[in-house]
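The values are calculated or read from the model by the stated rules, or taken from the named source; none is laboratory data. Small disclaimer: the values here were computed from a predicted structure and weren't measured. All Cβ positions, even for glycine, are placed from backbone atoms using ideal geometry, and neighbour counts span all protein chains on display.
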Amino acid sequence: MEFLNFHHLRYFWVVAKEGGLRKAAEKLHVSQPTISAQIAALEGVLGEKLFLRGGRALALTEAGRQVFSYAEEIFSIGQELLSSVKHRPTTRPLRLHLGVADALPKLVTYRIIAPVFRLPQAVQLSCWETKLSDMLVELAAYKLDLVLADEPASSGATSNVFNHLLGESGVTFCAEPRLAARLRRGFPKSLHGAPALLPMSNSGLRRSLEKWFHARGVRPRLVGEIEDPAFLNLLALHGLGFMTVPTLVVKEIVTRFGFRVIGRTDECQQQFYAITPERKLPHPAVLAITSQAQALLSS
């Protein structure tokens with residue numbers, strides 16, 4: 001089994017940050033030949049040259065840039081670990097690597113992560129939005145701190161991840177004003193044959209809606225299955241069909257976009273999950289989200 005010598009990596013990291021051997025030697029209080037030997041040992045283990053040497057100047061190779069990126073993260077996390085364990089405040093921003101499932105409404109996402117920006121320590125957010133299955137792989141590899149989704153990670157999806165139910169909401173049916181006025185009369189029977197913009201068929205909300213439609217003898221006319229809530233809003237604004245939104249954010253949606261309410265039901269529930277990796281030292285921002293989400297989602 002190969003092991004990485006972090007002492008060698010630190011010498012490389014300081015040279016790359018300082019831009020040369022002389023400044024690095026002064027910072028580390030060692031001789032330049034000692035640093036050169038440490039970097040040579042690291043290059044031997046990695047099987048790659050990390051610097052291009054031209055006179056006194058040192059430039060990172062492509063492999064060197066990749067190693068430097070990892071080193072930045074490694075030593076940053078190491079400092080955070082020390083500060084966290086010793087309960088010391090830090091001046092650098094707290095970094096939160098967040099994944100958001102495509103189908104999660106953005107207003108709900110903001111409500112969930114809002115407590116992060118009220119922490120005593122400044123937060124630097126890096127946010128990715130893509131398919132849940134792809135993000136779970138990144139989460140299991142500790143490349144993400146948290147994934148927000150409207151469904152839990154399945155037991156067979158990946159190991160060492162945990163589902164936390166943050167809250168749930170009934171759904172409200174909305175449309176642009178003229179279509180909403182027509183469908184409001186006789187709701188929910190009025191939805192029979194009405195143009196519908198619905199979530200994708202593999203989503204938990206879609207399954208819940210289909211069950212609700214069937215129980216009431218309602219069969220809307222499917223115009224589109226839309227995964228991206230922003231695009232769904234755009235289509236609905238142009239009158240192409242009615243849509244559903246979580247009831248907990250319907251007031252904001254009506255105010256911001258000019259939709260009108262057709263009707264609502266609590267028999268269809270959209271759930272919201274935080275999915276986290278197995279970690280002994282919980283991320284402070286993740287703790288803020290999971291501890292306060294229930295109150296925020298019910299307000």
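Show the residue pairs that are 6+ apart or on different chains and have beta-carbon atoms under 8 Å apart, the first residue being within region 32-47 and over 12 Å from Leu21 (Cβ atoms), the second being in a helix (DSSP H, G or I) and among the hydroxyl-bearing types (Ser, Thr, Tyr).
Once the first residue is over 12 Å from Leu21 (Cβ atoms) and sits in region 32-47, its partners that are in a helix (DSSP H, G or I) and among the hydroxyl-bearing types (Ser, Thr, Tyr) give Leu42/Tyr11.
Going by the conditions given, is Ala236 more than 19 Å from His214 (Cα to Cα), assigned to a strand (DSSP E or B) and among the small types (Gly, Ala, Ser)?
Spelling it out, it is not the case that Ala236 is more than 19 Å from His214 (Cα to Cα), assigned to a strand (DSSP E or B) and among the small types (Gly, Ala, Ser).
Gly239 - would you say it is surrounded by fewer than 20 Cβ atoms within 10 Å (Cβ to Cβ) and over 27 Å from Lys131 (Cβ atoms)?
Yes: the conditions hold for Gly239.
Is it the case that region 44-59 has a residue that's modelled with pLDDT under 80 and under 28 Å from Leu144 (Cβ atoms)?
No, region 44-59 contains no residue that is modelled with pLDDT under 80 and under 28 Å from Leu144 (Cβ atoms).
Please work out if Phe162 is closer than 12 Å to Tyr273 by Cβ, in the same structural domain as Ile253 (by TED's automatic domain parsing), in contact (Cβ under 8 Å) with a residue 40 or more places away in the chain and of a type in the set (Phe, Trp, Tyr).
Yes; evaluated as a whole, the condition is true for this residue.
For region 201-260, how many residues meet the condition of being in contact with a Pro (Cβ under 6 Å, 6 or more places away or on another chain) and among the small types (Gly, Ala, Ser)?
So the count comes out to 1.
Can you name every residue in region 235-267 that is among the hydrophobic types (A, V, I, L, M, F, W, C), closer than 20 Å to Ser203 by Cβ and touching a residue at least 60 places away in the same chain (Cβ under 8 Å)?
Answer for region 235-267, where residues must be among the hydrophobic types (A, V, I, L, M, F, W, C), closer than 20 Å to Ser203 by Cβ and touching a residue at least 60 places away in the same chain (Cβ under 8 Å): Ala236, Phe242, Met243, Val245, Leu248, Val249, Val250, Ile253.
Looking at region 198-211, can you tell me whether even one residue there is of a type in the set (S, T, N, Q), in a loop (DSSP other than H, G, I, E, B) and either exposed (fewer than 14 other Cβ atoms within 10 Å of the Cβ) or modelled with pLDDT of 95 or more (or both)?
yes
Within region 257-271, which residues are farther than 21 Å from Leu234 by Cα, touching a helix residue (DSSP H, G or I) at 6+ places or on another chain (Cβ under 7 Å) and exposed (fewer than 15 other Cβ atoms within 10 Å of the Cβ)?
Scanning region 257-271 gives a single hit, Glu267.
Scan region 137-161 residue by residue and report those that are at pLDDT 85 or above and over 23 Å from Ile74 (Cβ atoms).
Passing the criteria: Leu148, Ala149, Asp150, Glu151, Pro152, Ala153.
Looking at region 16-49 only, could you name the residues that are outside any helix (DSSP H, G or I), more than 17 Å from Arg65 (Cβ to Cβ) and of a type in the set (Gly, Ala, Ser)?
Across region 16-49, the qualifying residue is only Ser31.
Does any residue of region 280-290 turn out to be modelled with pLDDT of 90 or more and closer than 17 Å to Ile112 by Cβ?
Looking through region 280-290, none of the residues is modelled with pLDDT of 90 or more and closer than 17 Å to Ile112 by Cβ.
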